[in-house]
Amino acid sequence: MWKSKEMPEILRAIAEFREFGFLERIPQWEERLRVNELELKEFMAAPHVEAELISTAPRPQRPDAPKPADGPVAEAASDTARGMAEKVRRRQISVSEIAQAYIERAEATADMNFFTTFDADLVRKEARELDERIAKGEDLGPLAGVPVPVKDYMFVRGYPRTGGTRAMAASTGHDDAEVVAKVRASGALIGGMTNLHELAYGATGINPHFGRVGNPHHPNRIVGGSSSGSAAAVAAGLSPIAVGSDTSGSIRIPSTFCGVTGFKPTYDSISRAGVMPLAWSLDHLGPIASNVRDVALLFAVMADKAPEDYVPEANLKAGHIRFGKPANHFYHEVDSEIIGRIERVIEALGDQGHQIISTRLDGVENCLPIHVQTVTAEASQAYWLPLIEKPEVLGEDVRVRLEVGQFLASVDYIKAQRMRTVLRDVLQAAFSEVDVLITPTVAVPALEIGATDVVIDGIRRPLHPALTRFTTPFNQSGLPAITLPCGFNSDGLPIGLQLAAAYGDDARLLRIAAEVERVIATL
């Protein structure tokens, strides 16, 4: 179909049957479908499989900004989340002092578009309230006084929720989403609504309504998406932690391009109540931070778990970790500097006594064909009303991706879910022989602004498939995955290393990630 001369008429017929209208956009629909032509052809060629539909569980450099004067405020501004909270508890610094330093950095970096909404007065007000509770002898909790920016994709009391779009009216007058309520209950200082790719449906961080999120490491490179502002705010030193969401790699991709740590936990381990949907079966919430221990702490808070069960306190003993290095897919079509750096980390892990085991993951190459069918159908359904009511307000890249959802057949959506079941079982089975999988997070460094595709090993891929090839398998399977910064390429752009573990094995993954982080620091 996709190379047929009759393709425009086929698209016209489907759109007319659906009474969709906007037939003048047939050339844009045709062009967008050709972007995923390879994945669509691979999907059609894949055999039908006998499997249950996918279920949620397997079978049993920073920009310049003013720095506070020497003293507790300066120390807290560059501290970890755990260190900052401890200083607040000991009354070595007030939440209001932390808030003022945070506000100054946010205002100094305003041209980076980290936020859709930032209310300095509200930050100060909430900081005073926290200080008053401390003065009464109250223990605020594990995130006492730590500023936490939140992706503008979930309800936050006192802020409008826009989803990064103007195609729908911003939601106001709401209480916190369940996950935000847990963060607030931990003593955190809510630090504004962070910018994102519109409707969380993209991987560049270029938003037509709220501006392009700047990359703290390089102004001419994309920051990645869709949790763009959250990752960039951490990388720029505004706060040690932030909240994001991940449907195709939306935490891990910007974390990689910003040189920070991002964790996509097991599917549904964090409540999505009060959070906008993109693709219901792929959406995850998770933390972004400057280090593994802070990621673990924020995850525990977001998932309503005991922090002591998730915050790694000690290195694992040498020889106790079995790292699975996939023999297929994950190390093909990867930038040579990225491969070189990750191979160096793997060699160092082996030198520490850990095992490196070659692991074959049959069928993982189907992840992109599966993903196109799944995310396109679910996202188009989620945002069908704004698509037909205010399409001209949507950014062109998001609009056309939503529009083409009407041209994919329901029978193929069901086939994709059965293929997901098979892929999930293959991935889960791998952990009978290894503790974690170790891969690149993204095959390329942060691309130049305006890039539409990439070429690696002579193979040209459109931008979005190129960026999500290694992240989507773990959204499709629901398995936990984390990206760690592991150095820079020759242009000074960050490189990310991804670890993934068995379903529900979040605590172990975080402990292993802490050990890998330790080894990376020695290189």
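Laboratory data are not the source of any read-out in this text; all were calculated from the coordinates shown. Note that the structure is predicted; figures quoted are calculated from it, not measured. Heads up, the Cβs are rebuilt from the backbone with ideal geometry, glycines too, and the neighbour counts pull from every protein chain shown.
Here are a few things to note about the model shown:
- Rel. contact order, % - alpha carbon contacts under 8 angstrom, at least six apart, segment 475-523: 34
- Antiparallel DSSP beta bridges within the chain, as percent of all bridges there, nearest 5: 70
- One quarter of the surface of the convex hull around the alpha-carbon atoms of segment 72-309 equals 11.3 nm², the direction-averaged projected area.
- Computed per residue of the chain from DSSP H runs no shorter than four, each worth -39500 (n - 2.57), the mean residue ellipticity at 222 nm is -11500 deg cm²/dmol.
- Kirkwood Rh (inverse of mean 1/r, distinct Cα pairs), the chain, angstrom: 23.2
- Protection-proxy order for peptides 150-156, 129-135, each taking the mean of Cβ atoms within 10 Å per residue, highest first: 150-156, 129-135
- Label-point separation, residue 5 to residue 411 (7 Å along Cα→Cβ), nm: 2.7
- Of 5/41; 264/415; 125/305; 151/390; 182/305, pairs whose Cα-Cα distance is over 18 Å: 264/415; 125/305; 151/390
- Spin-label model, residue 355/residue 522: points 7 Å from Cα along the beta carbon direction are separated by 2.0 nm.
- Local net charge near residue 488, Cβ-Cβ under 11 Å (Lys/Arg +1, Asp/Glu -1): -1
- Kirkwood Rh, Cα atoms: Rg over Rh of segment 108-236: 1.00
- Proxy reagent accessibility, fewest Cβ within 10 Å first, across 503, 413: 413, 503
- Contact order relative to length of segment 225-333, as percent, for alpha carbon pairs under 8 angstrom and 6 or more apart: 24
- The order of 474, 20, going from fewest to most other C-beta atoms within 10 Å of their C-beta, is 20, 474.
- Ranked by the mean number of other Cβ atoms within 10 Å of their residues, highest first, the peptides 6-14, 336-344 fall in the order 336-344, 6-14.
- Relative contact order computed over segment 72-309 (Cα-Cα under 8 Å; 6+ residues apart), in percent: 19
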